[in-house]
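Okay, so here's the structure we're looking at.
Laboratory data are not the source of any read-out in this text; all were calculated from the coordinates shown. Predicted model, so just to flag it, every value in this text is computed and none were measured. Here the Cβ positions follow ideal geometry from the backbone for every residue, glycine too, while neighbour counts run over all protein chains shown.
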Amino acid sequence: MSADLIIGLQWGDEGKGKAVDYVSPNYDIVVRYNGGDNAGHTVVHRGRTYKFHLVPSGILHGATGVIATGVVVNPDSLREELSQIDGGAKLLVSHRCHLILPSYSLLDRHLEGLREGKVGTTGRGIGPAYGLKALRFGLRVGDLFEATLPAKLKEIRRIIEYLGVEWIEPDIAAWQSTLEPHVGDEVEFLHKAWNEGKRILFEGAQGVLLDLDFGTYPFVTSSYTFSDGLHPGSGFFPGNLEWIVGVAKAYTTRVGNGSFPSELSGDLAELIRTKGAEFGTTTGRPRRVGWLDLVALRYAVKLSRTNLIFLTKVDVLDGLDRIGVVDAYDIDGQRVQEWHDFGDTTLSKVRPVINWLDGWSYSYRSGEMHPAVLRFKAYIENSLNVRVGWMSFGPRDDETLCML
Ligand code: IMP
């Protein structure tokens with residue numbers, strides 16, 4: 001029996017798609033359990049480029065994909081993604097997943113318009129889907145196949161119009177035909193697979209610092225992105241996990257608003273953004289960039305009980321004279337080493353304490369890592385008290401080094 005989890009430790013976009021693609025040949029089942037098509041990754045597999053938002057990327061290696069209860073599903077996105085997979089996909093979609101109706105993206109923008117400080121959402125209707133779910137006005141995948149569907153749609157239309165947003169009729173027939181071959185109950189499926197000794201990989205969306213409760217609220221997404229989100233998101237007990245692999249970039253990025261203590265600006269930020277192609281897969285927005293923030297990472301590791309790190313995009317820092325890592329924060333002259341849910345007033349006073357490490361001209365060449373990269377890795381391991389199991393130096397599979 002083995003079940004492992006891969007999650008992002010920063011503000012999303014850590015390169016989880018690549019990490020999952022790299023390890024997924026070892027698994028029989030790959031599972032998404034949170035978020036929706038706000039997530040996005042590009043996977044290069046056998047020379048072909050795939051863009052996934054909802055479908056777990058491990059499916060390309062022949063694993064069975066599961067979209068579990070905690071995911072909010074836009075069937076139009078799902079149809080488009082499935083059309084990329086030749087010969088059809090082995091995919092189970094939980095009948096409990098909530099659907100994102102066409103009006104929800106209008107509602108998402110409408111709600112952003114009411115705010116003093118914009119969250120900077122992806123505009124995909126994620127917040128409204130989770131919000132209406134909690135208000136018990138949600139529509140679930142299973143509802144598409146029930147006689148009560150017209151009454152439920154009427155009810156949702158009523159609340160959408162009450163909130164001042166135009167109602168857009170979903171194309172129910174198309175949604176039914178997209179979902180019908182895949183609907184099932186993942187709880188039964190996953191527990192049976194687990195008992196039969198199948199290998200299961202859970203794939204978290206976004207990153208720990210975007211968690212609805214433990215992230216930088218309100219500049220967060222609307223789902224549970226830390227490891228325990230797995231439980232409400234799939235019914236699978238996180239205590240059964242063996243490896244909790246946290247994916248982190250060698251620096252930090254954030255798309256959308258909210259605090260970012262290690263943020264860089266000017267030419268250096270531009271250089272890293274351009275070299276790292278730091279533009280959102282879902283929205284194309286330029287990502288904010290900063291040095292590796294070990295204070296924030298220690299918090300993410302602690303919260304999610306990460307026991308291995310997958311460090312990505314090390315090559316993006318090639319050629320820099322020196323590399324910054326944030327070891328602590330300075331708040332009014334006081335040194336703070338632990339992340340807190342700083343209130344807004346304190347947050348505005350947080351200054352990063354940067355430690356400078358030697359740069360490197362190349363990170364990985366002829367099977368060898370540059371000595372400065374080895375020191376960077378050791379520094380991270382000591383600071384987080386977790387081993388770095390993989391490092392990646394480019395988008396291709398053969399640019400990943402496994403050190404297990
Ligand atoms: P929402 O998830 O669309 O509601 O957006 C809420 C916040 O989460 C915004 O700051 C988004 O930029 C951020 N966000 C959502 N999904 C992702 C992702 O996959 N990568 C990075 N940021 C994301």
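Overview of values
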| quantity | calculated |
| --- | --- |
| Three-way shape call for region 98-178 based on the alpha-carbon gyration tensor, with the a/c threshold at 1.5 | prolate |
| Of all DSSP beta bridges in the chain, antiparallel share, percent nearest 5 | 45 percent |
| Full-stretch length increase - residue 188, residue 242 - with 0.36 nm per residue and alpha-carbon distance subtracted | 17.4 nm |
| Relative contact order (percent, whole number), region 98-178, Cα cutoff 8 Å, 6+ residue spacing | 37 percent |
| Counted charge near residue 156, where neighbours are those whose Cβ lies closer than 12 Å (Asp, Glu -1; Lys, Arg +1) | +3 |
| Nearest-20 debye value, the chain charge dipole, Cβ charges on Lys, Arg, Asp, Glu | 100 debye |
| Helix-only [θ]222 nm of the chain, DSSP H runs n ≥ 4, -39500 (n - 2.57) each, per residue, nearest 500 | -8000 deg cm²/dmol |
| Gaussian network model of the chain, springs between alpha carbon atoms under 10 Å - residue of 65, 35, 88 with greatest fluctuation | 88 |
| Stretch gain in nm, segment residue 169-residue 259, where the contour uses 0.36 nm per residue and the Cα spacing is subtracted | 28.6 nm |
| Loop trypsin sites (Lys or Arg not before Pro), region 32-75 (other Cβ atoms within 10 Å of the site Cβ: 11 or fewer; DSSP) | 46 |
| For the chain, built as a Gaussian network whose Cα springs stay under 10 Å, the top-fluctuating residue of 280, 197, 359 | 197 |
| The chain, relative contact order in percent, only Cα pairs under 8 angstrom and at least six apart counted | 19 percent |
| Highest-fluctuation residue, 363, 383, 265 considered, GNM on the chain with Cα pairs under 10 Å | 265 |
| Exposed-site-free run, longest, the chain (rule: GluC sites (Glu not before Pro); DSSP loop; at most 16 other C-beta within 10 Å) | 1-115 |
| Förster radius 30 Å - calculated FRET efficiency between residue 366 and residue 80, Cβ distance, rounded to 0.05 | 0.15 |
| Relative contact order computed over region 245-402 (Cα-Cα under 8 Å; 6+ residues apart), in percent | 25 percent |
| DSSP-assigned coil residues among chymotrypsin sites (Phe, Trp or Tyr not before Pro) in region 337-404, each with at most 15 further Cβ atoms within 10 Å | 362 |
| Neighbourhood net charge (10 Å Cβ-Cβ; Lys/Arg +1, Asp/Glu -1) for residue 235 | -2 |
| Model label zone, residue 397; criterion: amide N under 20 Å from point 7 Å along Cα-to-beta-carbon; scope region 17-47 | 17-31, 41-47 |
| Sparse-neighbour loop sites [trypsin sites (Lys or Arg not before Pro); region 282-382; at most 14 other C-beta within 10 Å; DSSP] | 349 |
| Cα centre as origin, Lys/Arg/Asp/Glu Cβ charges: region 245-402 dipole, Debye | 280 debye |
